[in-house]
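The values are calculated or read from the model by the stated rules, or taken from the named source; none is laboratory data. Values in this document were obtained by computation on a predicted structure and should not be read as measured data. Using ideal geometry, Cβ is built from the backbone for each residue, glycine included, and neighbour counts are taken over all protein chains shown. We work out accessible area using only protein heavy atoms, side chains counted, and drop any ligands, DNA or RNA first. Shrake-Rupley method; radii C 1.70, N 1.55, O 1.52, S 1.80 Å.
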Amino acid sequence: MSLQDCKYGSNTQRDHNCSLHGLPMPGNYGKKPVRTFFDFRHTNMPENLDVKWVPLLSLTNLRSFSKIRLVSFLLGLTLMFLIMASYILSWDKKGLLFTPAPYQLRPVIVPTSTTAAKSPSEKNLIDIKLLVKIIGSKLEYTPRKVPDEKDVIETDSRLFSVIPRHFLPSIKSPCWYEEFSGELSTDPYKRNLFTLRSKSFKTVCDRLRTDFHRHLYHRDGKQFRLRCLPYFYIIGQPKCGTTDLFHRLLLHPEVKFNTMKEPHWWTRKRFGYIRFKDGFQESFPVEDYLDLFDLAAHNIQAGISGNSSGDHSALQLITGEASASTMWDNQAWSYLHEDRDDIEPPFLAQDFIHSLQPSAKIIIMLRDPVERLYSDYLYFKMANKSADDFHLKVIESVQLFQSCLSERSLRSCVYNTSLSNAMPVRLNLGMYIVFLLDWLTIFHREQILVLRLEDYAANLKLTIKKVFDFLSVGPLSEQVEAALTKRPMSNTRRAADRNLGPMLPATRDLLREFHQPFNHKLASVLDNKAFLWNNKT
């Protein structure tokens, strides 16, 4: 075969012929196109870009390189490798750079060990000083616009059709008569959804059912039952002693006929939510909520029926509940109205309470927000708890909040459901002043009693007296007072959680600095420096 035959023909035939007869390959054989780091033919580059095609680097090609070019190439390759290795090593020591969804954050170094977490310079890594200044400036905002009452009523017209706008004047609690049209044999609590989730309340209903007809009021051939709303609401905050306070109040003879501490009706169950993560389940009608106060209503009615004896003490019985979500939780709005563009909830729980009960008594129990957050973490997280894990979750939550502040107002970030769901710890619940200011837009200051858990723990007797004075209930007998003060504390920290020890000092310092502008505003509004929680009180 000739060289001419080797040069031409199909690729397969040509290769076979050349190799079979020991003829040299064509001069351009082996020069096939190769995409290099500089080959942009398949990207969105201009069509007139000069793209070079280079041959494969075989031994033959390498021999054509000059020694100087070869040495320069190898030195450049080595230098590039060393630079990349240095970056990888520095990342391994300092921690990963990450951007938590859904907000875009600037890179923030998250320590991955206890040693790193204790670094005194860590706060600067998330610009806590700058963040505090931003929070301080954004705290000076115009109070929210209170919605018109007619708009509140239109939002839940059935609620306002069941509950009248005026209550019986001779009774201390907000009560009224509702016509009962059922048969005497009818079970009024048969379909109550609270009985399905509370054994203690089911037991109460079983007892109320047996003599229900005896507590009906008869007039003009009709039957009426006495209905009541809470006289007082303990509205927050979680892990601030509300459970213990509520159960001690029940020891007072004028408060003792309350049955359920936390129905969470105003914020969740009336909208059909028990836990938001479980999605919509079933709306609890207002009648089911009113049933919670029937034990008190029956005793009040007994006093009305027998008031000819001159004993009017039953008329002074008061109703109450202590859902720690009432102060802050308005997430249901975002789930029910996902199609709306509101960045802040247009209606809050207090708008409905105030429209029905403009004279309601509101009690708020707070504690150092730094300690509240750690207690909240230990109570609600079930596994893999540690001071290190809490520290990392705090940092991530602060990052997310900082990112939200770069795009929105402070108040909209505090109420933002997406942000709340994204934060691994409930950082926003400690921003007390934002929630309190919203309650003060519709309730008078004298209608709201704000307590500190620290004072409650240090001087229980004095704090309880302050609550009783606020509720205008009678003095306690020595026997009841002794029982009240000696009662063991409720809902204390579990032994396993106590064994985890306190939070890391670095975590406490970070949180204390973060909450400082919120606490400063709170102390100013309440005119009480104790709410600074500056370790001097």
Margin query: Among the listed pairs 172/222; 133/466; 256/529, which have their C-alpha atoms separated by more than 31 angstrom in this model?
Written below: 133/466; 256/529
Check: Could you give the dipole magnitude of the range 202-305 about its Cα centre, charging the beta-carbon of Lys and Arg +1 and that of Asp and Glu -1, in debye to the nearest 20?
Finding: 100 debye
Note to self: So if I restrict to the alpha-carbon atoms in the range 268-422, what is the Rg, and what is Dmax, the biggest pairwise distance, in Å?
What the structure shows: 20.7, 67
Check: Counting only residues 5 or more places away or on other chains, whose amide H sits under 5 Å from the amide H of residue 189 once H atoms are built in the peptide plane?
Finding: none
Next item on the list: Pick out, in residue order, every one of the GluC sites (Glu not before Pro) in the range 184-291 that is DSSP loop and has at most 16 other C-beta atoms within 10 Å; say none if there are none.
Entry: 282
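Using just the Cα positions, wrap the range 190-263 in a convex hull and report its mean projected area in square nanometres, one decimal place.
Value for the range 190-263: 6.7 nm².
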Note to self: List the chymotrypsin sites (Phe, Trp or Tyr not before Pro) within the range 192-290 that DSSP assigns to loop and that have no more than 13 neighbouring Cβ atoms inside 10 Å.
What the structure shows: 280
Notebook entry, point to check: At a 1.4 Å probe radius, carbon and sulfur cover how many percent of the accessible area of the range 173-272?
Noted result: 49 percent
Next item on the list: At most 14 other Cβ atoms within 10 Å and a DSSP loop assignment: could you name the chymotrypsin sites (Phe, Trp or Tyr not before Pro) in the range 134-170 that fit?
Entry: 141
